[in-house]
Amino acid sequence: MTPEEYIEKLKEVQRTLDSVKEDLDRAIDRMQRRIETGYEHLEKDSRLAALAGREYVKLADSTLLEVGTAKIEY
């Protein structure tokens, strides 16, 4: 892997983790709205957002393993 590819992969992970944060923010927001309004569907929306974040974490994990074990070729 070239240094440029290495950097791009790390940026990819960073973007993926940004998506995780967005999903967790969405999950928190939905649950807060559930508490305020009592609308049951918001609880389901919150869980789905949290699960989406989990999938992004798994994707980031795979990419980080690839990058962390890659040989950098100059």
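Numbers below:
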read-out	value
Heavy-atom surface of the chain, accessible at 1.4 Å and reported per residue (Å²)	76 Å²
Sulfur and carbon atoms: percent of accessible area, the range 10-74 [1.4 Å]	53 percent
The chain, relative contact order in percent, only Cα pairs under 8 angstrom and at least six apart counted	49 percent
J(HN,Hα) series, the range 39-53, from Karplus relation 6.51 cos²θ - 1.76 cosθ + 1.60, nearest Hz, glycine and proline x	6, 5, 5, 5, 5, 4, 4, 5, 5, 5, 5, 5, 5, 4, x
Hz values of 3J(HN,Hα) by residue in the range 28-34 - Karplus curve (6.51, -1.76, 1.60), Gly and Pro given as x	5, 4, 4, 5, 4, 5, 4
Rounded FRET efficiency, nearest 0.05, which uses the C-beta distance separating E40 from T63 and R0 of 22 Å	0.05
Sum of -39500 (n - 2.57) over DSSP H runs of 4+, divided by residues of the chain (222 nm, nearest 500)	-31500 deg cm²/dmol
Share of alpha-carbon pairs per 5 Å distance bin for the chain, given as whole %	3, 18, 19, 15, 12, 10, 8, 6, 4, 3, 1, 0
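The values are calculated or read from the model by the stated rules, or taken from the named source; none is laboratory data. Since the model is a prediction, treat every value here as computed from it, not as a measurement. In this analysis, Cβ positions are derived from the backbone assuming ideal geometry, glycine residues included, and neighbour counts consider all displayed protein chains. Only protein heavy atoms, including side chains, enter the accessible area calculation; ligands, DNA and RNA are left aside. Shrake-Rupley method; radii C 1.70, N 1.55, O 1.52, S 1.80 Å.
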